[in-house]
Amino acid sequence: MNNQDLHALLRAMTLEEKAGQLTQIPLSVVSGGICDPTGPMKNYGLTPETTALCGSLICDVDCDAQEYAAAIEQVIEAQPHHIPPILMRDVIHGHRTVFPIPLALGCSFEPELARRMGVVMGREAMGANVHATFAPMVDVVRDPRWGRVMESSGESSLLCAKMGAATVRGLHEAGMAGCVKHYAAYGLCEAGRDYAPIDVSRTEMYNTYLPPFEAAVREGCEMVMSSFEAVDRIPCVCNEWLLRDVLRERMGFDGMTISDYADISQLISHGVAEDLREAAQLSLNSGLDMDMTSYAYVQHVADLVREGKVEEKTLDEACLHVLQLKNNLGLFERAVYNRDNVQFRAKLLTKENRDTALEAALKSCVLLKNDGVLPLAAGTKAALAGDYARSRTLMGHWSLDGRYEDIETLEEAFAAEARLSLADAAQADVVLFAGGEAEDDSGEDRSKTKIEFAADQKAQIEQLKAEGKKVVLLLFAGRPLILSEVLPLCDAVLLCWFPGTMGAQAIRRLVMGEEAPSGHLSMTLPRCMGQIPVHHDQLSTCRPFVPDTVYISRYIDESNDPLFPFGYGLSYTSFNVGTPDARADEEGFCVRVGVRNTGDAEGETVIQLYARAQKGLLIRPVKTLVAFRRVRLAPGQEMEIAFNVKPAELAVYDAQGKAHMPKGEVLFFVGENSADTRSCSAWL
Ligand code: GLC
């Protein structure tokens with residue numbers, strides 16, 4: 001529909017219809033019969049009239065092309081102007097073909113893989129008429145006690161921005177709308193406890209937490225989901241500074257904002273709103289367009305407009321964001337993509353999709369330690385042990401449409417490995433101990449106060465060592481775990497995270513050396529709980545650590561250094577990173593560095609460039625990731641990498657959001673991780 005017709009439609013709508021368009025209800029209410037007052041709707045305080053007006057359905061029942069098509073057609077039929085609903089679902093790291101959790105995919109340092117994941121998961125979900133997904137999640141995370149770190153691309157604002165924008169690109173290639181979340185700074189929840197309050201300065205917002213959202217907005221992401229949190233003590237869902245000043249004015253976002261689940265109604269529990277009516281008034285007036293399942297807008301906005309508490313212009317603005325989103329997706333012309341489940345299912349888990357997921361899993365696993373036991377030599381007498389040897393729980397949280405029946409276990413994958421003589425542990429020389437935390441221990445509402453590697457699993461490894469076995473720990477986790485006690489016991493540690501549908505095959509190939517590990521940590525692994533939060537880009541201190549010195553920033557009972565730094569990862573070969581050289585001109589900086597494969601196997605690594613302006617009124621991180629490049633080199637091969645960095649990429653923002661550009665000397669650090677780097681400097 002053209003813009004003129006869209007505005008004509010808006011003018012023809014009643015206040016109730018417009019309020020309805022701003023309302024998202026569970027699909028189960030409609031598929032339970034849109035006007036069946038005895039159906040699920042009664043649980044939500046909905047009536048047949050309000051249900052019929054809804055603008056969007058959150059897909060809370062398993063994907064089924066026929067059922068979703070019928071729900072769409074029921075709403076179109078019941079709507080006074082037959083406006084199609086937009087269907088949204090959490091397609092976060094795959095649909096039926098499940099990719100590694102985003103924290104793992106971040107370890108690939110390959111945004112192209114995120115784009116390809118976006119294409120695969122978008123196409124698969126659209127087969128069931130899903131129009132939009134609540135992804136990418138771009139929360140910067142520093143506290144592994146928080147269960148939702150699994151959903152993020154990690155601790156680096158730049159990496160979250162690159163992976164998030166690439167996911168949006170992939171979704172668009174498939175034809176699906178994205179929704180960048182959670183706006184903003186949800187990852188700062190106090191003590192890592194989910195939904196706990198955050199306290200964040202505007203300076204930190206501008207420098208760390210907002211850039212990934214800006215990157216997604218620049219990529220054309222259609223929606224932004226407000227966070228459950230509060231900034232400046234004003235809940236994000238009714239925070240005008242966030243929703244209008246920053247998102248609309250500063251970032252130029254012209255899409256649709258949506259609340260998180262039932263969040264408008266949560267203004268009441270915050271004591272911010274007296275009741276649902278006031279909650280609706282506060283949120284809509286602050287720029288929050290769509291109400292996910294609070295039913296505040298559909299019940300109260302028409303009256304609020306009549307009473308002058310919400311201007312009709314405000315309602316029209318929000319309603320137009322919804323109509324434009326539907327129009328841009330072509331839903332007025334074709335809201336049902338497919339009615340045939342056979343056709344829908346035929347496009348799931350295709351070989352092409354599996355191959356992409358396999359590549360993602362191969363590049364997401366991180367080799368933390370290897371005393372030479374890996375890759376396993378042909379003929380090795382090996383055994384599989386640990387809870388994950390026979391487990392299908394390899395998908396991780398937020399894999400709504402993944403099926404355990406699709407997941408191959410490690411035992412199944414290795415059973416077909418002819419180069420190994422698989423035995424039980426007693427006869428084996430090498431034990432592949434598949435352990436870690438339970439799949440359900442991370443994700444939403446999965447915060448933990450203890451994240452040490454499980455004592456009972458450590459005891460099993462100790463026993464194996466006492467029996468003279470070599471132990472390879474295949475570690476499954478949705479967060480960084482504390483490995484300090486188990487690490488010395490293991491001859492090798494491969495961090496597999498939750499690797500998805502093709503995880504077992506990827507692990508087999510890595511263990512057998514068909515592919516070399518190449519993942520690099522997207523999040524720091526602390527030495528102990530007491531170090532949390534610990535991350536590579538901590539701000540400078542007035543008293544930086546100096547060995548054997550007192551009255552400096554240190555612990556008296558532990559090192560400042562994490563067990564494994566951000567960006568860390570081993571391969572089956574070794575690389576030499578030369579001394580970088582930085583030049584500055586009017587364009588900015590060019591940093592060149594030579595990399596050579598000094599081992600006897602082909603391999604990939606991720607060369608990371610960090611930077612720090614030496615001088616500036618505002619203190620800055622000791623080093624910030626500013627660029628990265630994955631490279632593959634044959635034995636003895638070397639290459640030169642050139643990084644081009646614009647001064648604006650090194651800007652530091654003050655509390656008013658004003659950029660302070662670097663002046664004078666800028667230090668650059670290059671390496672395969674954030675701790676072991678070689679440096680140079682250049683002057684602006
Ligand atoms: C949840 C999550 C959000 C998700 C939404 C819809 O509470 O916070 O990430 O997209 O509700 O399921």
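The values are calculated or read from the model by the stated rules, or taken from the named source; none is laboratory data. Given the structure is predicted, the values throughout are model-derived calculations rather than measurements. Virtual Cβ from ideal backbone geometry, glycine too; neighbours counted across all protein chains shown. Heavy atoms of the whole protein, side chains included, go into the accessibility calculation; ligands, DNA and RNA do not. Shrake-Rupley method; radii C 1.70, N 1.55, O 1.52, S 1.80 Å.
Over the chain, calculate the relative contact order: mean separation of alpha carbon pairs under 8 Å at least 6 apart, over the residue count, as a percent.
Details: 1679 pairs, mean separation 95.1, N = 684.
Across the chain, relative contact order equals 14 percent.
Could I get the Rg over Rh figure for segment 153-239? Both from C-alpha atoms, Rh via Kirkwood, rounded to two places.
Computed over Cα atoms, the ratio is 0.99.
Let's test this: bin the Cα-Cα distances of segment 585-648 at 10 Å from zero up to the farthest pair and state each bin's percent.
Using 10 Å bins, I get a P(r) of 18, 41, 26, 13, 2 for segment 585-648.
Could you tell me the accessible area of GLU214 in Å² (1.4 Å probe, neighbours in place), rounded to the nearest ten?
60 Å²
For segment 408-518, what D do you get in µm² per second when you plug the Kirkwood radius from alpha-carbon pairs into Stokes-Einstein at 25 °C and 0.890 mPa s?
On the way: Rh = 14.9 Å.
Value of D from the Cα-based Kirkwood radius: 164 µm²/s.
Where does segment 224-380 land on the Kirkwood hydrodynamic radius, alpha-carbon pairs, in angstrom?
Numbers: mean 1/r = 0.0517 Å⁻¹.
In segment 224-380 this quantity evaluates to 19.3 Å.
For segment 1-102, take every pair of Cα atoms, bin their distances at 10 Å starting from 0, and report each bin as a whole percent.
Once binned at 10 Å, the Cα pair distances of segment 1-102 give 15, 43, 27, 14, 2.
Please quote Rg/Rh for segment 550-684 to two decimal places, taking the Kirkwood radius as Rh and restricting both calculations to Cα atoms.
Working: Rg = 16.8 Å, Rh = 16.3 Å.
On the Cα set of segment 550-684, Rg over Rh gives 1.03.
Quote the charge dipole size of the chain about the Cα centre in Debye, to the nearest 20; the model charges only the Cβ of Lys and Arg (+1) and of Asp and Glu (-1).
Numbers: 66 positive and 95 negative charges, 309 e Å.
Its charge dipole is roughly 1480 debye.
Carbon and sulfur: what percent of segment 258-391's accessible surface (1.4 Å probe)? Write down the numbers at each step before the final one.
Details: 2510 of 5450 Å².
That fraction is 46 percent.
Lys/Arg Cβ at +1, Asp/Glu Cβ at -1, dipole of segment 87-186 taken about the Cα centre: which of VAL149, THR167, MET121 is farthest positive-ward?
Going by the Cα projections, it comes out as MET121.
Could you give the Stokes-Einstein D for the chain in µm² per second, using the C-alpha Kirkwood radius, 20 °C, 1.002 mPa s?
Values: Rh = 26.3 Å.
So the translational diffusion coefficient is about 82 µm²/s.
Which residue, PRO635, TRP241, GLY530, has the largest displacement toward the positive end of the dipole of the chain when charges sit on each Cβ (Lys, Arg +1; Asp, Glu -1)?
It is PRO635.
With the Cα gyration tensor of segment 196-270 giving a ≥ b ≥ c as the square roots of its eigenvalues, does the rule (a/c under 1.5 for rounded; else a/b larger than b/c for prolate; else oblate) give rounded, prolate or oblate? Kindly include the intermediate steps, with their values, before the conclusion.
Details: a/c = 2.03, a/b = 1.30, b/c = 1.56.
In terms of gyration-tensor shape, oblate.
In whole Å, what is the distance between the alpha-carbon centres of segment 513-582 and segment 408-433?
A separation of 34 Å, based on Cα centres.
When all protein chains stay in place, what accessible area (Å², nearest 10, 1.4 Å probe) is found for LEU422?
For LEU422, solvent-accessible area is about 80 Å².
Given a 1.4 Å probe and every protein chain left where it sits, what share in percent of the accessible area of segment 135-242 is carbon and sulfur? Walk me through the intermediate numbers first.
On the way: 1260 of 2790 Å².
On segment 135-242, the fraction of accessible area on carbon and sulfur atoms equals 45 percent.
Going through the cross-link list LYS450/LYS470; LYS363/LYS615; LYS162/LYS623, which pairs have a Cα-Cα distance over 26 Å in this structure?
Details: LYS450/LYS470 28 Å; LYS363/LYS615 37 Å; LYS162/LYS623 18 Å.
Table pairs above 26 Å Cα-Cα are LYS450/LYS470; LYS363/LYS615.
Carbon and sulfur atoms: what percent of the 1.4 Å accessible area of segment 593-662 do they account for? If you can, show how the numbers build up before the last one.
On the way: 1720 of 3290 Å².
C and S fraction of accessible area: 52 percent.
Per-residue ellipticity at 222 nm for the chain, helices alone: DSSP H runs ≥ 4 residues times -39500 (n - 2.57), over residue total, nearest 500 deg cm²/dmol?
On the way: 18 runs with 177 residues, N = 684.
Value at 222 nm, helices only: -7500 deg cm²/dmol.
Rank these by accessible area, largest first, 1.4 Å probe: TYR551, TYR295. Please list the in-between numbers first.
On the way: TYR551 180, TYR295 10 Å².
Per-residue accessible area, sorted high to low, gives TYR551, TYR295.
Per residue of segment 533-550, what does 6.51 cos²θ - 1.76 cosθ + 1.60 with θ = phi - 60° give for ³J(HN,Hα)? Whole Hz please, x for Gly and Pro, Karplus curve as stated.
x, 9, 8, 5, 10, 5, 5, 5, 10, 5, 10, x, 5, 9, x, 6, 10, 10
Work out how far the C-alpha atoms of segment 473-538 reach from end to end along every principal axis, then list the three figures in whole Å, largest first.
37, 26, 18 Å, listed from the longest principal axis down.
Before I look further, what does the chain give for accessible area per residue, probe 1.4 Å, in whole square angstrom?
Numbers: 25480 Å² over 684 residues.
Accessible area per residue: 37 Å².
Dividing the convex hull volume of the Cα atoms of segment 533-627 by its residue count, what figure in Å³ per residue is obtained?
Details: hull volume 15.2 nm³, N = 95.
About 160 Å³ per residue, rounded to a whole number.
Taking θ as phi - 60°, what are the ³J(HN,Hα) couplings along segment 157-171 by the Karplus curve (6.51, -1.76, 1.60), each to the nearest whole Hz, with x for Gly and Pro?
4, 5, 5, 4, 5, 5, 5, x, 5, 5, 4, 4, 4, x, 4
Based on a Kirkwood Rh over C-alpha pairs, give the Stokes-Einstein translational diffusion coefficient of segment 619-674 at 37 °C and viscosity 0.692 mPa s in µm²/s.
On the way: Rh = 14.0 Å.
Approximately 235 µm²/s, per Stokes-Einstein.
Express in Å², to the nearest 10, the accessible area of CYS528 obtained by rolling a 1.4 Å probe over the protein heavy atoms while all chains stay in place.
Around 40 Å² of this residue is reachable by solvent.
Pick out, in residue order, every one of the trypsin sites (Lys or Arg not before Pro) in segment 221-259 that is DSSP loop and has at most 10 other C-beta atoms within 10 Å; say none if there are none. Each step should come with its number before you reach the end.
On the way: sites: ARG233, ARG244, ARG248, ARG250; in loops: ARG233.
Taking segment 221-259 and a limit of 10 other Cβ atoms within 10 Å, the loop trypsin sites (Lys or Arg not before Pro) found are ARG233.
Using only Cα atoms, tell me the angle between helix 3-12 and the longest principal axis of the chain; keep it within 0 to 90° and round to the nearest 10.
50 degrees
Compare the Cα positions of ASN597, MET251, TYR206 along the charge dipole of the chain (+1 at Cβ of Lys, Arg; -1 at Cβ of Asp, Glu; about the Cα centre) and return the one farthest towards the positive end.
Towards the positive end, the residue furthest out is ASN597.
Give, rounded to the nearest 20 debye, the magnitude of the charge dipole that segment 44-155 has about its Cα centre when Lys and Arg contribute +1 at Cβ and Asp and Glu contribute -1 at Cβ.
Roughly 360 debye, rounded to the nearest 20.
For segment 396-446, list log₁₀ I(q)/I(0) at each q in 0.15, 0.26, 0.30 Å⁻¹, using the Debye formula over Cα point scatterers of equal strength and ignoring solvent, two decimals each.
For the requested q values the scattering log ratios are -0.63, -1.09, -1.24.
Quote the convex hull volume per residue of segment 346-387, based on C-alpha atoms, as a whole number of Å³. Before the final figure, lay out the partial values.
Details: hull volume 6.7 nm³, N = 42.
In segment 346-387, the Cα convex hull volume per residue is 159 Å³.
Give the residue list of GluC sites (Glu not before Pro) in segment 304-357 that are DSSP loop and have at most 13 other beta-carbon atoms within 10 angstrom.
Numbers: sites: GLU307, GLU311, GLU312, GLU317, GLU333, GLU352; in loops: GLU307, GLU311, GLU333.
In loop regions of segment 304-357 (DSSP not H, G, I, E or B), the sparsely surrounded GluC sites (Glu not before Pro) are GLU307, GLU311, GLU333.
Calculate one ³J(HN,Hα) per residue across segment 346-353 by plugging θ = phi - 60° into the Karplus curve 6.51 cos²θ - 1.76 cosθ + 1.60, and present them in order as whole Hz with x for glycine and proline.
Going residue by residue, I get 5, 9, 9, 6, 5, 4, 4, 5 Hz, with x marking Gly and Pro.
Using only Cα atoms, what is the ratio of the radius of gyration of segment 110-181 to 2.2 N^0.38 Å? Could you put the intermediate results ahead of the total?
Details: Rg = 12.3 Å, N = 72, 2.2 N^0.38 = 11.2 Å.
Scaled against compact globular proteins, the figure is 1.10.
Please list, or write none, the lysines whose alpha carbon is within less than 29 Å of the alpha carbon of LYS313, excluding same-chain residues fewer than 8 places away.
LYS18, LYS181, LYS326
Convex hull over the alpha-carbon atoms of segment 250-340: what's its volume per residue in Å³?
Residue-normalised Cα hull volume stands at 135 Å³.
Based on the Cα gyration tensor of segment 521-587, what are the three equivalent ellipsoid semi-axes, each the root of five times an eigenvalue, rounded to whole Å and given largest first?
Numbers: eigenvalues 147, 84, 33 Å².
Equivalent ellipsoid of segment 521-587: 27, 20, 13 Å, largest first.
Radius of gyration and Dmax for segment 140-290's Cα atoms, expressed in Å?
Cα only, segment 140-290: 14.7, 44 Å (Rg, Dmax).
Give the angle, between 0 and 90 degrees and rounded to the nearest 10, that separates the Cα long axis of helix 296-306 from the longest principal axis of the Cα atoms of the chain.
40 degrees
To the nearest 10 degrees, how steep is helix 111-126 against the longest Cα principal axis of the chain, on a 0 to 90 scale?
40 degrees
To make sure I understand the rule: partners must be aspartates and glutamates, Cα under 12 Å from the Cα of LYS369, and not fewer than 8 residues away in the same chain. Which ones qualify?
ASP491
Highest first, please rank the peptides 89-99, 673-683 by the mean number of other Cβ atoms sitting within 10 Å of their residues. Could you put the intermediate results ahead of the total?
On the way: 89-99: 28.3, 673-683: 17.3.
Taking the mean over residues of other Cβ atoms within 10 Å, the ranking is 89-99, 673-683.
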